[in-house]
1. Please go through the stretch B:82-97 and give me each residue that is facing another protein chain (nearest Cβ under 9 Å) and surrounded by fewer than 19 Cβ atoms within 10 Å (Cβ to Cβ), ordered by number.
2. On the basis of being more than 14 Å from chain A (Cβ to nearest Cβ) and closer than 23 Å to residue A:192 by Cα, does residue B:46 make the cut?
3. Only one of B:51, B:32 is within 6 Å of DNA strand C (Cβ to nearest atom) and surrounded by fewer than 16 Cβ atoms within 10 Å (Cβ to Cβ). Can you tell me which?
4. Taking the stretch B:33-57 as the search range and keeping residues that are farther than 21 Å from residue A:201 by Cβ and among the hydroxyl-bearing types (Ser, Thr, Tyr), which one is nearest to DNA strand D (Cβ to nearest atom)?
5. Given the conditions (1) closer than 30 Å to residue B:150 by Cβ; (2) surrounded by fewer than 18 Cβ atoms within 10 Å (Cβ to Cβ); (3) away from DNA strand D (no atom under 15 Å from the Cβ), and given that residue B:124 satisfies all but one, which numbered condition is not satisfied?
6. Considering every residue within the stretch A:55-75, establish whether at least one is buried (at least 20 other Cβ atoms within 10 Å of the Cβ), within 17 Å of the chain's Cα centre (by Cα) and either under 28 Å from residue A:183 (Cβ atoms) or in the same structural domain as residue A:34 (by TED's automatic domain parsing) (or both).
7. Counting residues that are more than 21 Å from residue A:160 (Cβ to Cβ), which helices (runs of 4 or more DSSP H) fully inside the stretch A:50-109 reach at least 3?
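The values are calculated or read from the model by the stated rules, or taken from the named source; none is laboratory data. What you are looking at is a predicted structure, and each value in this text was computed from that prediction instead of being measured. Please note: Cβ atoms are built from the backbone with ideal geometry, for glycine as well, and neighbour counts cover all protein chains shown.
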There are 2 protein chains.
Amino acid sequence: MRRISDSTIRRLSLYLRFLEEFERDGEETVSSEALAHRGGTTSAQVRKDLSLFGSFGKRGLGYRVHELAEHLREILGLSRRFRLVVVGAGALGTALVQHSGFRERGFDVVAIFDNDPAKVGGKWDGLRTRDVADLERDLQANPVDIGVIAVPGDQAQVIVDCLVRCGIKAVLNFAPSQLTVPDDVALKNVNLSLDLEALTFALTALQ
Amino acid sequence: MRRISDSTIRRLSLYLRFLEEFERDGEETVSSEALAHRGGTTSAQVRKDLSLFGSFGKRGLGYRVHELAEHLREILGLSRRFRLVVVGAGALGTALVQHSGFRERGFDVVAIFDNDPAKVGGKWDGLRTRDVADLERDLQANPVDIGVIAVPGDQAQVIVDCLVRCGIKAVLNFAPSQLTVPDDVALKNVNLSLDLEALTFALTALQ
DNA sequence: GTTTGTGAAACGATTCACAGCT
DNA sequence: AGCTGTGAATCGTTTCACAAAC
């Protein structure tokens, strides 16, 4: 299949959100124009994005809301739930464990680890913080789908290497470092400082 | 000046990180090739990105590390510190207040607000949580540069409208909703569920 | 000889526009 | 008549390649 761009995937996720809203509002069908308007894009973009995966609409009618939502969940791999492990029980890691939005969207945090003895044993949302020394053993015994890295930058590569050894194929990285992973592992970086700096650039340039 | 793309800004921020590392390592000069290698891009890309803002290198020599870092800080607007307000004292909001990485990079969280009486008065990193009812008055008295939205999705638009009324020109939004702001306000969305869904797509497609 | 700065070429993503289905 | 699906046209970004500077 053709290579799908990151921005396409992002938009598909957004379309799914909007379809779920339309469904709650009791809408039966929706046009590419309506979806586009809701998401700040164009109807042609919506149709192109969808056409990369098949032909889900009816000419003259639009798309059936529930049916298209199902197709998108299938495409995005959201037909099942996913198990997450969070490494790093600092402010960010514990916030992620407590964040209810993940569970609502099919992501279950099943374990949290830290290397600080003062933090090991601490309970967050009913989950006991475990020692990162046991990470490899625990993950072998109890595999997860996605690893979340919330440790300081200088420890991030060691942790991601360990996760990869445990067979994890998807990593969300909050540490501000460029991590190296094998080709068959998906890696996404979230770097809040970079986002803030995009804002300072806008503030400085446009004024 | 020509319109600068988001990805260019993102790369410039990364180059700045790498330059700071090179500087710590005592390097005097650096080539576009070295910067590119460190950041997973190409030397042509580095030179194009920089050339959008001026001509900072010497042919045959490369770029002076400290000098280029200064130029980048200037371009990104990082020659001064920025004041942030966090709205929403849930797990995420309080994690952001406590996050030391921001302060290190020039961003000071100077206030945190919530609408839950149980949370108002709570101290985080020495900062007393205030009532969101006072948000507008407090911000008029004590302006900030950047607003950070860490409230549930259904309250985000009300909050951003309030921030805009207070004259804030840059907003970082963690709520999973599409916000509307005037043209002269910079808005950046961080939606962790969208990032996770990019990973589930990769997990499902590439296996 | 080395490395920048930059037009030109190649590539990729978005938008246009319309034939074809309902 | 209304709206999708999709080639063709446009636009923006990345890569190439080389003349100019050191």
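1. Narrowing the stretch B:82-97 to residues facing another protein chain (nearest Cβ under 9 Å): B:82, B:84, B:90-97.
Within the stretch B:82-97, just B:90 meets the criteria.
2. Values: more than 14 Å from chain A (Cβ to nearest Cβ): yes; closer than 23 Å to residue A:192 by Cα: yes.
It is true that residue B:46 is more than 14 Å from chain A (Cβ to nearest Cβ) and closer than 23 Å to residue A:192 by Cα.
3. Working: B:32 fails: surrounded by fewer than 16 Cβ atoms within 10 Å (Cβ to Cβ).
Of the residues listed, the single one that is within 6 Å of DNA strand C (Cβ to nearest atom) and surrounded by fewer than 16 Cβ atoms within 10 Å (Cβ to Cβ) is B:51.
4. Here the answer is B:42.
5. All conditions are met except number (2).
6. yes
7. Values: elements: A:65-76, A:91-98, A:100-104.
Of the helices (runs of 4 or more DSSP H) lying wholly inside the stretch A:50-109, those with at least 3 residues that are more than 21 Å from residue A:160 (Cβ to Cβ) span A:65-76, A:100-104.
For every residue, the table says whether it meets (1) hydroxyl-bearing (Ser, Thr, Tyr); (2) surrounded by fewer than 16 Cβ atoms within 10 Å (Cβ to Cβ); (3) out of contact with any strand residue (DSSP E or B) (no Cβ under 8 Å at 6 or more places or on another chain); (4) part of a helix (DSSP H, G or I).
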residue: A:9; (1), (2), (3), (4): no, no, yes, yes
residue: A:27; (1), (2), (3), (4): no, yes, yes, no
residue: A:38; (1), (2), (3), (4): no, no, yes, yes
residue: A:41; (1), (2), (3), (4): yes, no, yes, no
